[in-house]
Structures are given as structure tokens and as C-alpha cells.
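Please read the structure below before turning to the comments.
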Amino acid sequence: MTTLASDTEEGAAPAREMSRPAIWWPRLRPVLLAVTFPLAMLAFWHFATVGRPGSLIPPPYEVWQELQDLAFGGINDDAYSKTLHIHLLASISRVYGGFALALVVALPLGMLIGRIPIVRQMLDPTIQILRPVPVTAWLPLAMIIFGLGPRSAFFLVFLGAFYPILVNTIFGVRSVEPRLFEAASMLGCTGPAQFFRVVLPAALPSIFTGMRLGLGFAWVVIVVGEMTGVQTGLGAIIMEARQLSRTEIVISGMIVIGAFGFLSDQLVMLIGRRLLAWSPSHG
Amino acid sequence: MAEATVPILEMKNVGKIYSQNGRAIEALRGANLKVKKGEFICLIGASGCGKSTLLRMAAGFEAATHGDNLMWGMPITGPGPSRGMVFQDYGLFPWLSVRDNIGFGPKSRGRTTAEIRETSDHFIELVGLQNFADVYPHQLSGGMKQRVAIARVLANDAEVVLMDEPFGALDAMTRERLQDELVEIWSRTGLTVLFVTHAIEEAIFLADRVVVMSPGPGRIDNEYIIDLPRARDTTSNEFNEWRRLLSSQLHSHHVRKAG
């Protein structure tokens, strides 16, 4: 049999032997570079605030103590000690709840708008006009419709995550290479089966980008959503602490939001890399 | 014997007119072509001669404006597994591994997982990609991608393989190797191949019959039966005579068009 497969050996070259620094330096370098800037900022913050009793901004060490007190108690023993988990859980449940609801609505809607011209003609203009309205501008209206409290926050998170998911889903299902439809149909895959075997997988990278952006927005919006009329949540304690001039609590809340927003993004990225290993820009 | 008399593909006085920005463009006029089962046919001509249009109509991607496109005497109404297409830009599904790309057709036809696996493994071996079965298309070279595209069509039991300048984007070495492999596979399987190219040498090397087309409007000018024995030697005198003949054929149209 003449398969003549010699060019199939490309890319299988054995890894060359490397010296020790050549192995650890490429790994250490990005870590060092990533850490330099925040350390410099931290030092600046420290020297700008330490030893100034009148400063409204506390030095990093006080924030660190407050963070520990919020999480585990035992330092200040005030109303905020050991309450972090309550606020964190409240915020996380709103972020992921609103995000999940946005997914449930935006994914099917985006697919319909992207693939069915009449749905697009009916809904797209409305969406294009509503989309530039900042999510935070919806807050007063949300409070009237959903009342003061967590339901408004939930709605804002939903809205914040909704648009990126919707827009990217529409883009994804619309920009499938026409060639792939031809390939599928000449292989016997036609009609609705094409949607599941061609459109959906082809749109997955875009949908995924939308989900990532949506989740990011959800974390942004949660603080605004929790700032009025909500008792628990990271946004709520930040607002409350501001009124009490407890800036160390404000900064602690910011740090926790940053950390969990980052973790949640990393989680999505991890899932994405698994799911999109086939895509040169994701895998 | 119906097969002996009825051609596997038949184009009867086929014409195609596109409208582009309100202007009508005649891509093909009065094309007649009969393809016998097992034949290897090359369509050759300058760009705009309608060779790709003819191929796409045989595939069922486009309908003729005039005339009939028939397979086994029945009108071609749309794309189907009996006519597999190999595109110049491969058209592989980037989210499927080599194995799953090749198994796409059998899966569409509701084969069991075990059958799909067996079929795809067989054709992976046929095109020599055993070591790359679980790799995604973006990790493959152009030649390997085109192997997958060919295997994908064969795995779907296509009777006719339609190839639209499939080796046009490949480097010369890879192109020659794939030409050899294609002839090998074709002679072993008894496939019918309709192959569009603009390379004269490729047409003479591959085809039983070369169909020469010319543009403005696209039409079939002439047909030549290449009676050179296989495997063909591209450096032989006979080969060069064919090359000269077809070259002058194709060149005369340029002159006529220019004048």
C-alpha cells in the first residue's frame, strides 16, 4: 500500500536537552514580572499613608488586619467581625444566579436572532437601542419594579451579563463559515441537524467569550446593585463602611471582589480551555 | 445492464446565469458532459470558464438556470452523500478531531458508534494519518488536511468524488505526492472522479479524459482522451506532446479573448 505518509512525521521532533536555568527561568520570569508592579504600588501605598493619623486611607497593614478580622474575627470584635462569609455568599449567589438566568435567556434568544431573519428583524433594532443604556442607569427603575432589596441587585446582574452573552451568541451563530454548511450537507447532514452539528460548535468560541465578559460584568454590577437597600453582600458592606468612614473595610471589600472575580474568571477560562482545545485562539 | 448505458453523471445543455448587483452574468452556456462510472475526468480552463460552477452544480450546491444535471438518469436536486466534494480550502470541521471529521458522514447517517469507529479507522489508515487520528485540523499541514478531506468523502461511500482545485494551495512536493496517492486510491476503489484544475500537467497526469473549457461565457470547448499508460511519467515525450497540445488549446482562447 502506498500511503507515502512520510510528511506525517512533522512536528514529532524530540525535545532537545535543556540546561537547568533554561528550564526554570521561562517559568519564573512571568511571575517576577507580574509581581513587580503590585509590590511597587503596595510600597507606595504604605509610605504614603503610614504614620499619618489624619489620613482617610489606612496603610496596607491595617487593611490586612481588617481583612483577617472580617474573615475570622478575633481582632476588633465589632459588628463586622467574622461576617465576610455571609456577605461573600450573598454576593456570589447573586452573581451566579443572575449570570445563570442571563445564560438561560440570552443563549436561546441569541441563537434565534442570529439564525432566523424574521426574529432578527423584529428584535434586533430594539436591542441595539437598549444596549447602550448603562446597566447602572436601570437601578432606579429596577427599584420601582422589583422593590428595594436583593431582587433589584439580582436584576442588575442579570442585565449586566445578558448583553455580552446575547451579542456574542448572535455574532457566533451568524458568522459560521458558509463552506462548513456545504461540507455538512454533502456529507448527509441537513436541516435541523446542521444547527446542532455545525452552527453550535462553530459558535462556541464566541459564546464562550460572551460568557466570560458577562460574568465579568456581573461582578462589576453586583456592587452597584447591593449599594441601596440591601443588608448583606460585599456591595452593602462597602457602602455601609463608607458611611461609617471605615475605609479599611471598604478596601477589604474591594480586595475580596477583585480576588473572587479573578478566581471566577480563571474557572471559566479553565472550562474554556477544555472545551475549546480545538480552537487555535483558545486551546 | 443499466450501469453500462446510463452515465453516472450527465449534464444536458446546462447553463447558469448569476445576477450580481442587478447585472446578469453568464457563468456557463450549453454544457454537455457524460461521465461513465469509474472515469477520472479533469476540467481545465482559465478562471471564469465555469469549471467550478459545473462542479458545484454536480454537487447540488447550485441549480442550473437551463438544462438538466442528472445522476444515474435522475435529476440532482441538492447536495448528498453520493457526491462528495473536496474543497481547495479543505472545509474541515475545526472542532472535530481527524477521526471525528472522517466519521462525520457515517454519523449523519445514523451508524452505530462501533461502525463509525471501524470506518474512520479504516480510512485514517488509507490516507496514512494513523499517528494523527486524535489531532485537530489546525495542528495539521495543508497536505494532511487535504488527506482528511479526501478520507472524509470516501468514508461516506461517495460514488462520485468532486474535487475543486484540491491541491492548488499546496507546495509542489506535497502536491505531487497527493496526486500519486489519489491515482492509487482511485485505481483501487473504482471511484468516479471529477477534478477541476488550472494546471495542465496535473490534468494530464491524473485524467482519463480532459475537458477543456473557456470563458466569456463559460463553455466546454473540447475533450481529450488521455491514453497514456499509468503510472504516468511526466518527463516522457508523449506526456510533453500532450502538454504542448493542451497548452496551445488553452492559449488560443487568451489570444481570441484579447483580440
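The values are calculated or read from the model by the stated rules, or taken from the named source; none is laboratory data. These numbers come from a predicted model, not from an experiment. Here the Cβ positions follow ideal geometry from the backbone for every residue, glycine too, while neighbour counts run over all protein chains shown.
Would it be correct to say that residue A:31 is modelled with pLDDT of 85 or more, over 30 Å from residue B:143 (Cα atoms) and touching an Asp or Glu at 6+ places or on another chain (Cβ under 9 Å)? Considered against the rule, which asks whether it is modelled with pLDDT of 85 or more, over 30 Å from residue B:143 (Cα atoms) and touching an Asp or Glu at 6+ places or on another chain (Cβ under 9 Å), residue A:31 comes out as no.
Screening A:212, A:197, A:151, A:179 for residues that are in contact with a Cys (Cβ under 8 Å, 6 or more places away or on another chain) and either surrounded by fewer than 21 Cβ atoms within 10 Å (Cβ to Cβ) or more than 14 Å from chain B (Cβ to nearest Cβ) (or both) leaves exactly one candidate, A:197.
Residues that are buried (at least 17 other Cβ atoms within 10 Å of the Cβ) and facing chain A (nearest Cβ under 9 Å) within the stretch B:156-177 comprise B:156, B:158, B:162, B:174, B:177, listed in sequence order. Of the residues making up the stretch B:118-129, none is surrounded by 22 or more Cβ atoms within 10 Å (Cβ to Cβ), within 12 Å of chain A (Cβ to nearest Cβ), under 20 Å from residue A:189 (Cα atoms) and in contact with a Phe, Trp or Tyr (Cβ under 6 Å, 6 or more places away or on another chain). Total residues in the stretch A:216-265 satisfying the condition of being under 26 Å from residue A:54 (Cα atoms) and outside any helix (DSSP H, G or I): the figure is 3. If the condition is being closer than 14 Å to residue A:247 by Cβ and exposed (fewer than 12 other Cβ atoms within 10 Å of the Cβ), then the stretch A:45-60 contributes A:48, A:52, A:53, A:54, A:56. Checked against (1) assigned to a loop (DSSP other than H, G, I, E, B); (2) more than 13 Å from chain A (Cβ to nearest Cβ); (3) crowded, with 19+ Cβ neighbours inside 10 Å, residue B:81 passes all but condition (2). The residue that is nearest to the other protein chains (Cβ to nearest Cβ), counting only those in the stretch B:130-141 that are over 24 Å from the mean Cα position of the chain (by Cα) and buried (at least 21 other Cβ atoms within 10 Å of the Cβ), is B:136.
What number of residues within the stretch B:123-166 satisfy the criterion of being in contact (Cβ under 8 Å) with a residue 60 or more places away in the chain and not in a helix (DSSP H, G or I)?
Taking the stretch B:123-166 as the starting set, the residues that turn out to be in contact (Cβ under 8 Å) with a residue 60 or more places away in the chain are B:146, B:149-150, B:152-154, B:156-166.
This time we only want the ones that are not in a helix (DSSP H, G or I), so: B:156-166.
Within the stretch B:123-166, residues that are in contact (Cβ under 8 Å) with a residue 60 or more places away in the chain and not in a helix (DSSP H, G or I) number 11.
Please go through the stretch A:182-194 and give me each residue that is of a type in the set (S, T, N, Q) and either closer than 13 Å to residue B:79 by Cα or facing chain B (nearest Cβ under 7 Å) (or both), ordered by number.
As a first pass, look at the stretch A:182-194 and keep what is of a type in the set (S, T, N, Q): A:185, A:190, A:194.
Correct list: A:185, A:190.
Residues of the stretch A:182-194 that are polar (S, T, N, Q), surrounded by fewer than 22 Cβ atoms within 10 Å (Cβ to Cβ) and assigned to a helix (DSSP H, G or I): A:194 alone. Exactly one residue out of B:225, B:220 is closer than 23 Å to residue B:50 by Cβ, surrounded by fewer than 13 Cβ atoms within 10 Å (Cβ to Cβ) and of a type outside the set (Gly, Ala, Ser): that is B:225.
Within the stretch B:178-205, the residues that satisfy the criterion of being within 14 Å of another protein chain (Cβ to nearest Cβ), out of contact with any Asp or Glu (no Cβ under 9 Å at 6 or more places or on another chain) and touching a residue at least 40 places away in the same chain (Cβ under 8 Å) are B:180, B:181, B:183, B:185, B:186, B:187.
Across the stretch A:119-167, the qualifying residues are those that are among the polar types (S, T, N, Q) and under 10 Å from residue A:225 (Cβ atoms), and the one among them that is modelled with the lowest pLDDT is A:136.
Within the stretch B:206-222, not a single residue is in contact with a helix residue (DSSP H, G or I) (Cβ under 8 Å, 6 or more places away or on another chain), within 14 Å of another protein chain (Cβ to nearest Cβ) and among the hydrophobic types (A, V, I, L, M, F, W, C). Look at (1) within 19 Å of residue A:262 (Cβ to Cβ); (2) touching a Phe, Trp or Tyr at 6+ places or on another chain (Cβ under 7 Å) and you find that residue A:194 fails only one, number (1). In the stretch A:102-110 there is no residue that is under 17 Å from residue A:247 (Cα atoms) and of a type in the set (Val, Ile, Thr). The residue of the stretch B:53-78 that is nearest to the other protein chains (Cβ to nearest Cβ), among those that are of a type in the set (A, V, I, L, M, F, W, C) and assigned to a strand (DSSP E or B), is B:71. Taken over the stretch B:84-109, the residue count meeting the criterion of being under 14 Å from residue B:153 (Cβ atoms), of a type in the set (Gly, Ala, Ser) and facing chain A (nearest Cβ under 9 Å) is 4. Which one is farthest from the other protein chains (Cβ to nearest Cβ) among residues in the stretch A:200-209 that are of a type outside the set (A, V, I, L, M, F, W, C) and touching a helix residue (DSSP H, G or I) at 6+ places or on another chain (Cβ under 9 Å)? Ranking the candidates gives A:209 first.
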